[in-house]
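Visitor: Here it is, the structure in full.
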Amino acid sequence: MNAHTKQLILLVLALLVASSSQAQWQTQSILVKPGWTAVYLHVDPSYQTLDQSVGSDPGDPITQVWMWIPPTTGQFASTPQSPVLPNSQWATWGNLASGIADTFTTLSPNAAYLVYSSAATNYVWKIKGKPVTPQYSWTTAGLNFIDFPTSPTNPPAYDAFLSLSPPLQGAAQIFTYTGGNLGATNPAQLFAQHTTPVTRGQAVWIRSGTVYNNYYGPFTVALQSSGGVNFGDSVSQFSFHLLNTCPSNVTVTLQLLGSETSPIGQTNIVGVPPLLVRGSINPTNLTYGYTNLPLGNLYQWTLAPQGSNGSDVVVVLGLNRYQMTQPTGSLFAGILKFTDSFNYTEVDVPVSAVQSSSAGLWVGNATVSQVANYLKTYQLDTNNAPVVSSNGNYVVTGVNTNLGSVAAPFSLRLIIHNNGTNSVLLQHAFFGLSRYTNRMIATTESQLDPAQLASARRITAAHLPWSAANVPWSLTGTLAPGGSLATTVTLAYDDQRSNPFLHTYHPDHDNLDASMQNELAQGYESYQISRQINLTVSPPANDFASLTAAAQSLVGYYQETMSLGGLGGATRNFNVSGYFTLNRISSISQLNQP
């Protein structure tokens, strides 16, 4: 590849990777000797190319990088392979002066490489990327070109490290690179296993004969995905397994660390996620306890020997979104550092979360459990008879309007849509596919794809007045923990469709005079109803499930004042209250209206 072509490719790749990505950052430092050095990556630096990170730095002495690509089928290799072309098990990269053709352009994590340094002295290669958990595919058909995720400081010697896996220790043959040129003695078999440290980031060839190996340290962090613990903008709980892989007890320690500064062009990190570790269940109220995991604090588990009860522990991490107060879309990120009581292994797991909004469709119920009294007390004379005023009415001395419990609670459906900023209350909503096969939330059925109506759903709040246009009621306030929402729903006295005081076919309630020709005024047979609805979102209860439910569930206090308008503008108010629950069933922020 000529210099002009390679520079053009470099420019194109720079534009491609300039787009922001979400990651947490850690720098892996690897000692590169003059000549050839075997390295192993525990971070993912694929946000930039080798041309950008190595080739563009005139002070970087690395001129060639060869990546080992293990065969996908069983293949026996009796000796460590040298990077010689043509060889399909090696991918190559070289700088402009090397003359090596590029068959790969970016470094991959959990992969072994041979790198060539033209420097006369040792060089510390610093690679910034996203930490990854160990993922190996061990083969018994020949050699494995791997590394172990040992502690970066004071790593154990090979003999001590492998002693926790006696079958592997007894069968392992290890070959290491000494630097300089490749030859009959480079790589060379390692015999001084008692004194040679298992250096993190240094790849070695290992053959174990017929012994299949799944030991890479005293414990394993078994995650749901290779991407680490990613809460995104909606998930609030994440579970994984901690497993003991050795024949003795091992204590695993977890520590939350902050991320390094994001590279130029990558998403800025505003802080570490506010994490909780779920505790044991309370048998009294069936809620889980929790422990906060602030920056730098430690949390430990003691795992029983491999294969026994207690050797496999399920860990549930929670995200306390109530403590996330940054603008929508802000990135929180950190690193979960796992170490063991032998000080042999360090597993770094990325953890991230995105500040969520309240956008979407929320559906739930208000449960009316209290109604205000309207009880008058009257003045009595000495004979306990009511006192009559000069106008002939009993003398009222007081009115009791205190709230009192109802015999049976009454449920009211709530449908709320939030566009990320403002909220509206709906009488009904449609959730289904548009004509372009996109999921949508609409106020009318006509906006949905007629061919897909069987899979669509209509949600209705029967206690609110129906209208053909289904115009929502605007809610003031904030749909968030500690916030409140309010609106007024007015039902006209002559609304034959929804006013409960009207009956179109009953002469006493049809809002018509005796001739059934002229409409009566407000207050004769029906009343205008004005409903002032208030929702106050409560802070969470102090348990694991409540603290981690903010993104998908809200609870709070429901209060409503119903005002009936009669003759001459006279009104009477009735107050009810209770509690409400809302669950977000969709995060679609757009509400489609005609």
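Visitor: Can Gln326 be described as touching a helix residue (DSSP H, G or I) at 6+ places or on another chain (Cβ under 9 Å), surrounded by fewer than 18 Cβ atoms within 10 Å (Cβ to Cβ) and closer than 30 Å to Met440 by Cβ? Outline the logic, then answer.
Guide: Numbers: touching a helix residue (DSSP H, G or I) at 6+ places or on another chain (Cβ under 9 Å): no; surrounded by fewer than 18 Cβ atoms within 10 Å (Cβ to Cβ): yes; closer than 30 Å to Met440 by Cβ: yes.
Answer is no for this residue.
Visitor: Only one residue in Tyr505, Tyr527, Tyr558 is assigned by TED's automatic domain parsing to the domain that holds Ala492, crowded, with 19+ Cβ neighbours inside 10 Å and farther than 19 Å from Thr478 by Cα, so which one is that? Outline the logic, then answer.
Guide: On the way: Tyr505 fails: crowded, with 19+ Cβ neighbours inside 10 Å; Tyr558 fails: farther than 19 Å from Thr478 by Cα.
Just one listed residue meets the conditions, Tyr527.
Visitor: Here is a follow-up. If Thr150 passes every condition in (1) farther than 15 Å from Ala112 by Cα; (2) touching a residue at least 40 places away in the same chain (Cβ under 8 Å); (3) surrounded by fewer than 20 Cβ atoms within 10 Å (Cβ to Cβ) but one, which one does it miss?
Guide: Thr150 satisfies all of (1) farther than 15 Å from Ala112 by Cα; (2) touching a residue at least 40 places away in the same chain (Cβ under 8 Å); (3) surrounded by fewer than 20 Cβ atoms within 10 Å (Cβ to Cβ) except (3).
Visitor: Considering each residue of the stretch 233-270, count those that are closer than 28 Å to Ala359 by Cα, of a type in the set (Gly, Ala, Ser) and touching a Gly at 6+ places or on another chain (Cβ under 8 Å), and give that number.
Guide: Of the residues in the stretch 233-270, 1 are closer than 28 Å to Ala359 by Cα, of a type in the set (Gly, Ala, Ser) and touching a Gly at 6+ places or on another chain (Cβ under 8 Å).
Visitor: Continuing with this model, one more query. Can you name the strands (runs of 3 or more DSSP E) wholly within the stretch 380-425 that have at least 1 residues being at pLDDT 90 or above and in the same structural domain as Arg531 (by TED's automatic domain parsing)? Don't jump to the end; show me each part of the working.
Guide: Values: elements: 396-400, 403-418, 423-425.
Ranges flagged: 403-418, 423-425.
Visitor: Filter the strands (runs of 3 or more DSSP E) completely within the stretch 427-488 down to those with at least 2 residues that are among the aromatic types (Phe, Trp, Tyr) and within 21 Å of Asn365 (Cα to Cα). Give the steps one after another, and end with the answer.
Guide: Values: elements: 428-433, 439-442, 457-460, 473-477.
Hits in the stretch 427-488: 428-433.
Visitor: Could you grab me the full set of residues in the stretch 221-248 that are in contact (Cβ under 8 Å) with a residue 60 or more places away in the chain and either in the same structural domain as Leu168 (by TED's automatic domain parsing) or farther than 22 Å from Met324 by Cβ (or both)? Can you show your working first?
Guide: The initial filter retains those residues of the stretch 221-248 that are in contact (Cβ under 8 Å) with a residue 60 or more places away in the chain, namely 221, 223, 226-248.
Matches in the stretch 221-248: Val221, Leu223, Ser226, His241, Leu242, Leu243, Asn244, Thr245, Cys246, Pro247, Ser248.
Visitor: Among the numbered criteria (1) of a type in the set (Ser, Thr, Tyr); (2) under 32 Å from the mean Cα position of the chain (by Cα); (3) surrounded by 13 or more Cβ atoms within 10 Å (Cβ to Cβ), which one does Thr444 miss?
Guide: (2)
Visitor: Taking the condition surrounded by fewer than 20 Cβ atoms within 10 Å (Cβ to Cβ), at pLDDT below 95 and of a type in the set (Lys, Arg), does Lys337 pass? So that I can check it myself, show each step before the final result.
Guide: On the way: surrounded by fewer than 20 Cβ atoms within 10 Å (Cβ to Cβ): yes; at pLDDT below 95: no; of a type in the set (Lys, Arg): yes.
The answer is no for Lys337.
Visitor: Those residues that are touching a residue at least 60 places away in the same chain (Cβ under 8 Å), among the aliphatic types (A, V, I, L, M) and crowded, with 20+ Cβ neighbours inside 10 Å, I need them from the stretch 153-195; list them, please.
Guide: Leu164
Visitor: Tell me, yes or no, whether the stretch 118-129 has at least one residue that is among the small types (Gly, Ala, Ser), modelled with pLDDT of 90 or more and under 18 Å from Leu41 (Cβ atoms). Walk me through it before giving the result.
Guide: In the first step, residues of the stretch 118-129 are kept if they are among the small types (Gly, Ala, Ser); the result is 118-120, 129.
Retained after the next criterion (residues that are modelled with pLDDT of 90 or more): 118-120, 129.
Next cut, under 18 Å from Leu41 (Cβ atoms) only: 129.
Yes; the residues of the stretch 118-129 include at least one that is among the small types (Gly, Ala, Ser), modelled with pLDDT of 90 or more and under 18 Å from Leu41 (Cβ atoms).
Visitor: Quick one: in the stretch 51-68, which of the residues that are surrounded by fewer than 22 Cβ atoms within 10 Å (Cβ to Cβ) and more than 38 Å from the chain's Cα centre (by Cα) is farthest from Val32 (Cα to Cα)?
Guide: Pro58
Visitor: Looking at Leu256, Leu275, Leu242, Leu295, which is the one that is under 30 Å from Ala141 (Cα atoms) and hydrophobic (A, V, I, L, M, F, W, C)? Spell out the reasoning first.
Guide: Details: Leu256 fails: under 30 Å from Ala141 (Cα atoms); Leu275 fails: under 30 Å from Ala141 (Cα atoms); Leu295 fails: under 30 Å from Ala141 (Cα atoms).
Result: Leu242 is the single residue among Leu256, Leu275, Leu242, Leu295 that is under 30 Å from Ala141 (Cα atoms) and hydrophobic (A, V, I, L, M, F, W, C).
Visitor: Now, a different point. Confirm whether Gly201 is touching an Asp or Glu at 6+ places or on another chain (Cβ under 7 Å) and at positive phi.
Guide: On the way: touching an Asp or Glu at 6+ places or on another chain (Cβ under 7 Å): yes; at positive phi: yes.
So Gly201 fits the description; yes.
Visitor: Test of understanding: among Asp449, Asp543, Asp513, Asp508, which residue is without any contact (Cβ under 8 Å) to a residue 12 or more places away in the chain and more than 26 Å from Phe410 (Cβ to Cβ)? Reasoning before the result, please.
Guide: Numbers: Asp449 fails: without any contact (Cβ under 8 Å) to a residue 12 or more places away in the chain; Asp543 fails: without any contact (Cβ under 8 Å) to a residue 12 or more places away in the chain; Asp508 fails: without any contact (Cβ under 8 Å) to a residue 12 or more places away in the chain.
One residue alone meets the criteria, Asp513.
Visitor: Scan the stretch 196-213 and give yes if some residue there is over 43 Å from the mean Cα position of the chain (by Cα), outside any strand (DSSP E or B), buried (at least 20 other Cβ atoms within 10 Å of the Cβ) and not β-branched (Val, Ile, Thr), otherwise no.
Guide: no
Residue-wise test of (1) over 30 Å from Ile588 (Cα atoms); (2) without any contact (Cβ under 8 Å) to a residue 24 or more places away in the chain; (3) of a type in the set (A, V, I, L, M, F, W, C).
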position: Pro294; (1), (2), (3): yes, no, no
position: Thr302; (1), (2), (3): yes, no, no
position: Ser311; (1), (2), (3): yes, no, no
position: Tyr322; (1), (2), (3): no, no, no
position: Pro350; (1), (2), (3): no, no, no
position: Ser358; (1), (2), (3): no, no, no
position: Leu361; (1), (2), (3): no, no, yes
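Visitor: Still on this model: If you scan the stretch 489-510, which residues turn out to be among the hydrophobic types (A, V, I, L, M, F, W, C) and part of a loop (DSSP other than H, G, I, E, B)?
Guide: Those that are among the hydrophobic types (A, V, I, L, M, F, W, C) and part of a loop (DSSP other than H, G, I, E, B): Ala492, Phe501, Leu502.
The values are calculated or read from the model by the stated rules, or taken from the named source; none is laboratory data. Values in this document were obtained by computation on a predicted structure and should not be read as measured data. Cβ: placed from backbone, ideal geometry, glycine included. Neighbour counts: every protein chain shown.
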